[in-house]
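The values are calculated or read from the model by the stated rules, or taken from the named source; none is laboratory data. Every value quoted in this text rests on a predicted model; they were computed, and no experiment measured them. Note that we place each Cβ from the backbone using ideal geometry, even for glycine, and neighbour counts take in every protein chain shown. Ligands, DNA and RNA are stripped out before the accessible areas are found, and what is left, the full protein with its side chains, is counted by its heavy atoms. Shrake-Rupley method; radii C 1.70, N 1.55, O 1.52, S 1.80 Å.
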Amino acid sequence: MTRTLISFTPFAVCLWWFVTFALNYRKADSAKKSLTWYALACTVLYFCHAMFFTSELPHALECLWTLCSLSVYPIFYIYICRLTSDSIPKWMYLFLLPALLVALLKLVVPGEISDSIRQVVFAPQVLLVCLFGYKRLHAFDQKLASVYADVEGRSTWAIKALLIAIFVI
């Protein structure tokens, strides 16, 4: 019982955030829309985690877990880009292509090879998102400070802290 509760708690939290963002999706700006997709990917990811820790994970859910685990960081980077600029180039969505390809590979070729490729893609992905995301947020804060005399305590400090936490953990 305790194991099930602990396993499903991250899923429930992500589901709550996804529903919260989804209810306001039409009125949301582009950054919040990206955050909605991020919450959805995290919800599915943590559902698969919970299923793994409480029962046997079917192969289809394993492929879905692979897709989501490799999608959350690129989606978060897209959120940062949308937060810090008016528009982003369409090619930026190609950052999701490795997740799709590795998940399809896992579907077709289950086993060690697809798991190894996932690990090879995952590690640099986390590093690059943290590095470029932090750099982009820092540049945005500097731009705000140069344009406005008083930024009224507004900054991207919380998102930078989250990026650092993601990298450290």
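Below is a table of values for the structure above.
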| quantity | calculated |
| --- | --- |
| Theoretical ellipticity at 222 nm over the chain - DSSP helices of four or more residues, -39500 (n - 2.57) apiece, nearest 500 | -27500 deg cm²/dmol |
| Pairs of alpha carbons in the chain whose separation is greater than 24 Å (percent) | 43 |
| Of Lys33/Lys90; Lys33/Lys106; Lys27/Lys106; Lys33/Lys135; Lys106/Lys160, those spanning more than 25 Å from alpha-carbon to alpha-carbon | Lys33/Lys106; Lys27/Lys106; Lys106/Lys160 |
| Cys with no candidate disulfide partner in the chain (beta-carbon separation under 4.7 Å rule) | Cys48, Cys63, Cys68, Cys81, Cys130 |
| Probe 1.4 Å, all protein chains present, accessible-area order of Leu105, Leu131, largest first | Leu131, Leu105 |
| Segments 45-54, 75-84 sorted - mean Cβ within 10 Å per residue, highest first | 75-84, 45-54 |
| Size of electric dipole in the chain: Cβ of Lys, Arg +1 and of Asp, Glu -1, about Cα centre, debye, nearest 20 | 380 |
| Local electrostatic count at Phe18 - Lys and Arg +1, Asp and Glu -1, tallied over other residues with Cβ under 13 Å | +2 |
| Helix axis angle, 59-84 relative to the chain longest principal axis, alpha carbon, degrees | 0 |
| C-alpha long axis of helix 97-108 to longest principal axis of the chain, angle in ° | 0 |
